[in-house]
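Everything below concerns the one structure shown next.
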Amino acid sequence: MRPVKQMTTEVTRGPINLVLLGPPGAGKGTQAVEFAQRHGTPKISTGDILREAVRSETDLGRLAKVTMDAGGLVDDQLMIAIVRERLTRGDVERGFVLDGFPRTVAQAIALDEIMTGQGCLTVVDIAVPDDALVERLARRRVCGQCGNPTSVAAGEARDRCEKCGGELVLRSDDTESTVRERLRVYAEATKPLVDFYSSRPTFRAVDGQQSPAAVGAALAQAVEEMRAARSAGDCGAEGTAG
């Protein structure tokens, strides 16, 4: 009995390997940062690791730079290779929060393979209807000086950043037509990930229309529920069993 009890405790307290999904404007970037800080794990975004790989002039970084300098998109295989290398580092021993990866089912399959023997993935989709996202992003302003994002209520006459006093501007990709196009691209390319993960006991969807604090609480609860499912050793996918 004692060895079984010890193994259960060990798994329950194991690393939290969290993947956050959600459309543009759902707030997953904010939630990823706060969750990672709360649990002492790195928040890993594709943009961050691409820039780091290019800056460090690794072999993969040089390949990525050639593609980006030519105006192209980094393909699945190169992105998978860069993420694979990032997840070998010592700072992920307690887990990680992935924001922006995987973006395709092919990347998700590769992530399962990368995670073999490394513990379970927990996957949370922050769900927000398209119309709510369009309205939310239409209120978003970004400081042209420090980059701090701010939400401006309808009819509110506020055009200065509370942080530094810089001018608040509407991002070109936050106009309604651009947002709807970004959502269309998301639905076509990335939303199939929800179907890929949704049958797993380590998948949850949370309501992203709540306040950021309420979304954070729902996210924390979802992760705890999935850790309980994980304690039975059920990752929901053969590739992530560990």
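The values are calculated or read from the model by the stated rules, or taken from the named source; none is laboratory data. Only a predicted model underlies this, so the values are computations on that prediction, with no experimental measurement involved. Backbone-built Cβ (ideal geometry, glycine too); neighbour counts: all protein chains shown. Side chains included, ligands, DNA and RNA excluded: accessible areas come from the protein's heavy atoms. Shrake-Rupley method; radii C 1.70, N 1.55, O 1.52, S 1.80 Å.
Return the residues of segment 163-195 that are among the basic types (Lys, Arg) and not in a helix (DSSP H, G or I); say none if nothing qualifies. Even if it seems obvious, please write down each step before you answer.
Keep residues of segment 163-195 that are among the basic types (Lys, Arg), which gives 163, 171, 180, 182, 184, 191.
Answer for segment 163-195, where residues must be among the basic types (Lys, Arg) and not in a helix (DSSP H, G or I): 163, 171, 191.
Would you mind finding the one in 104, 41, 116 that is in contact (Cβ under 8 Å) with a residue 24 or more places away in the chain, hydroxyl-bearing (Ser, Thr, Tyr) and closer than 23 Å to residue 224 by Cβ?
Details: 104 fails: closer than 23 Å to residue 224 by Cβ; 116 fails: closer than 23 Å to residue 224 by Cβ.
Checking each option against the conditions leaves just 41.
Taking the condition of being farther than 22 Å from residue 223 by Cα and either part of a loop (DSSP other than H, G, I, E, B) or not hydroxyl-bearing (Ser, Thr, Tyr) (or both), how many residues in segment 29-76 meet it?
Of the residues in that region, 28 qualify.
In the set 94, 51, which member is in contact with a Pro (Cβ under 8 Å, 6 or more places away or on another chain), surrounded by fewer than 17 Cβ atoms within 10 Å (Cβ to Cβ) and among the basic types (Lys, Arg)? Before you say what the answer is, go through the steps one by one.
Numbers: 51 fails: in contact with a Pro (Cβ under 8 Å, 6 or more places away or on another chain).
The match here is 94.
Please name all residue pairs, on different chains or six or more residues apart, with Cβ atoms under 7 Å, provided the first residue is in segment 204-230 and is without any contact (Cβ under 8 Å) to a residue 60 or more places away in the chain and the second residue is in a strand (DSSP E or B).
As it stands, the answer is 218/206; 218/207; 225/204, since those pairs meet every condition given.
What tally of residues in segment 66-90 results from selecting those that are open to solvent by less than 90 Å² (accessible area, probe 1.4 Å) and more than 27 Å from residue 17 (Cα to Cα)?
Of the residues in that region, 5 qualify.
Looking at 220, 229, which is the one that is surrounded by 15 or more Cβ atoms within 10 Å (Cβ to Cβ), out of contact with any strand residue (DSSP E or B) (no Cβ under 8 Å at 6 or more places or on another chain), modelled with pLDDT under 90 and under 17 Å from residue 18 (Cβ atoms)?
Checking each option against the conditions leaves just 229.
Does residue 197 count as modelled with pLDDT of 85 or more, touching a helix residue (DSSP H, G or I) at 6+ places or on another chain (Cβ under 8 Å) and either open to solvent by less than 60 Å² (accessible area, probe 1.4 Å) or of a type in the set (Asp, Glu) (or both)?
yes
Hey, does segment 112-129 have a residue that's closer than 22 Å to residue 176 by Cβ and either open to solvent by 50 Å² or more (accessible area, probe 1.4 Å) or in a loop (DSSP other than H, G, I, E, B) (or both)?
In the first step, residues of segment 112-129 are kept if they are closer than 22 Å to residue 176 by Cβ; the result is 126-129.
In the following step, the residues that additionally are either open to solvent by 50 Å² or more (accessible area, probe 1.4 Å) or in a loop (DSSP other than H, G, I, E, B) (or both) were identified as 128-129.
So far as segment 112-129 goes, yes, one or more of its residues are closer than 22 Å to residue 176 by Cβ and either open to solvent by 50 Å² or more (accessible area, probe 1.4 Å) or in a loop (DSSP other than H, G, I, E, B) (or both).
Select from segment 164-184 the residues that are closer than 23 Å to residue 145 by Cα and acidic (Asp, Glu) and write down the one among them that is most open to solvent (accessible area, probe 1.4 Å).
Selected residue: 167.
Looking at segment 200-232, which of its residues are assigned to a helix (DSSP H, G or I) and charged (D, E, K, R)?
224, 225, 227, 230, listed by residue number.
When the residues of segment 153-163 are narrowed to those that are at pLDDT below 80 and under 21 Å from residue 212 (Cα atoms), which ends up most open to solvent (accessible area, probe 1.4 Å)?
Checking each candidate, the answer is 154.
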